[in-house]
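Data first, discussion second: the structure below is written as structure tokens.
The values are calculated or read from the model by the stated rules, or taken from the named source; none is laboratory data. Treat the numbers as computed from the prediction; the structure is a model and nothing was measured. No Cβ is skipped: glycine too gets one built from the backbone with ideal geometry, and neighbour counts run over all protein chains shown.
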Amino acid sequence: MPFEIVQNDIVNMHVDAIVNTANPDPVIGSGVDYAIHQKAGPELLAARQQIGSIALGDAAITPGFRLAAKYVIHTVGPVWVDGKHQEEQLLSSCYQKSLALAKSYQCGSVAIPLLATGNYGFPKPFALQIAVCEISTFLLENELQIYLVVFDKAAFALSEKLFKSVSSYIDDNYVRSKTLDEYGEASLLDSHIAPRRRRDRLKQRLSGAVERTVEQSLTTQSAGHPGMLAGAACPTPAEDWGQLLKDLDAGFSETLLQLIDRTGKTDAEIYKKANVDRKLFSKIRNNPNYKPSKTTALAFAFALELDVNETRDFIRRAGFALSHSSKFDVIVEYFLVHQNYNVFELNEVLFAFDQPLIGT
């Protein structure tokens, strides 16, 4: 996945480069800076001293020494005052300069913490918005695996408005038990019906439905084949099976390519917007029978900006559905209903609610 939010200690990330929230002067600071220097060893401070001071919003690079990462990118974020001292522009610059350095050093992967949210006091929801905006903008033009690394959930915060809105939607739509609407059963867990009565009612409905189906089937067979015994098998001619196969809906890959053509966008524009890497998209394009994961299928639905019904039909071609018995599905539906097709913002919310992220 080109962009992924992960919960981990950044010093343990096996990537080409990690980004360090550095002190502007060549000294060891606290928090992430201290942890990175401790893991990398004294050589990192010596290399940092050779660079000298780093301006606010700027970045510099050194070897990673004893870290799992090959490089450390040092960037200096702003101290939050009141939002009127260019804090937003400076933090945006930190991400831009850091990612540009990773690209110039031909890094294939980079891990970034949520910059400036520790001792610098940048509000976490605002910092998260800036991080996602800058990372997603960079990925529209570049190929790079980027991890936004969160040490613990306390360091990760959605905006209060978004969190409440999604939570309310989940409360209104999330059904913990599966429904049986086709049998008129509202829920298997109706609190006002005793367990034995629930089972009896459901058994009666199911039995009645099965009996009606069998009776209709036998009547149809007898009427169409008078010389056959009722209930005898009615074989389908080989040519009929061939026609049935021809009449099957287009598969996922074929439908995806048709929809991309409909948008007038390039393949790269779509798979980047879907947070899917080029190699996976190539597999999908070259294999008409490719079966994606549900998260990949949904990512393309968002990139194509399909509505709820179109999304249901699209992922059905890969064998999936959206259900109110899944919190993941309800959150996805929330974004579709509100016509928010930003995969990266969706993944923020999915991460906050401990759900799988969509994309590769």
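One table, with the values for the structure above:
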read-out: Criterion (at pLDDT 90 or above, under 19 Å from Ala17 (Cβ atoms) and of a type in the set (Val, Ile, Thr)) met by exactly one of Val110, Val81; value: Val110
read-out: Flag for Ala35 being in the same structural domain as Glu87 (by TED's automatic domain parsing) and either loosely packed, with under 12 Cβ neighbours inside 10 Å or at pLDDT 95 or above (or both); value: no
read-out: Test: Asp261 is farther than 25 Å from Gln355 by Cβ, in a helix (DSSP H, G or I) and free of Cβ contacts under 8 Å to residues at least 40 places away in the same chain; value: yes
read-out: Residue within segment 131-141 that is in contact (Cβ under 8 Å) with a residue 24 or more places away in the chain and either within 15 Å of Thr21 (Cα to Cα) or not assigned by TED's automatic domain parsing to the domain that holds Gln38 (or both) present; value: yes
read-out: Residues within segment 40-51 that are in contact with a helix residue (DSSP H, G or I) (Cβ under 8 Å, 6 or more places away or on another chain) and surrounded by fewer than 20 Cβ atoms within 10 Å (Cβ to Cβ), tallied; value: 1
read-out: Qualifying position, being touching a strand residue (DSSP E or B) at 6+ places or on another chain (Cβ under 6 Å) and in the same structural domain as Val149 (by TED's automatic domain parsing), among Ala40, Ala68, Ala55, Ala22; value: Ala22
read-out: Per-region count, segment 275-303, residues assigned to a helix (DSSP H, G or I) and not small (Gly, Ala, Ser); value: 14
read-out: Elements of type strands (runs of 3 or more DSSP E) contained in segment 48-165, each with 1 or more residues being under 23 Å from Met13 (Cα atoms) and in contact with a Cys (Cβ under 8 Å, 6 or more places away or on another chain); value: 59-63, 71-75
read-out: Flag for Ser282 being small (Gly, Ala, Ser), over 23 Å from Pro2 (Cα atoms), more than 14 Å from the chain's Cα centre (by Cα) and assigned by TED's automatic domain parsing to the domain that holds Thr263; value: no
read-out: Leu306 being touching a helix residue (DSSP H, G or I) at 6+ places or on another chain (Cβ under 8 Å) and in a helix (DSSP H, G or I); value: no
read-out: Residue among Asp329, Asp313 that alone is surrounded by 19 or more Cβ atoms within 10 Å (Cβ to Cβ) and assigned to a helix (DSSP H, G or I); value: Asp329
read-out: Residues of segment 46-66 satisfying the condition of being within 18 Å of Ala100 (Cβ to Cβ) and not aliphatic (A, V, I, L, M); value: Gly57, Asp58, Thr62
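Rundown of residues vs (1) in contact with a Pro (Cβ under 8 Å, 6 or more places away or on another chain); (2) modelled with pLDDT of 95 or more; (3) within 17 Å of Tyr169 (Cβ to Cβ), yes/no style:
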| position | (1), (2), (3) |
| --- | --- |
| Pro288 | no, no, no |
| Phe320 | no, yes, no |
| Ser325 | no, no, yes |
| Glu333 | no, yes, yes |
| Phe344 | no, no, no |
| Ala352 | no, no, yes |
| Gln355 | no, no, yes |
| Gly359 | yes, no, no |
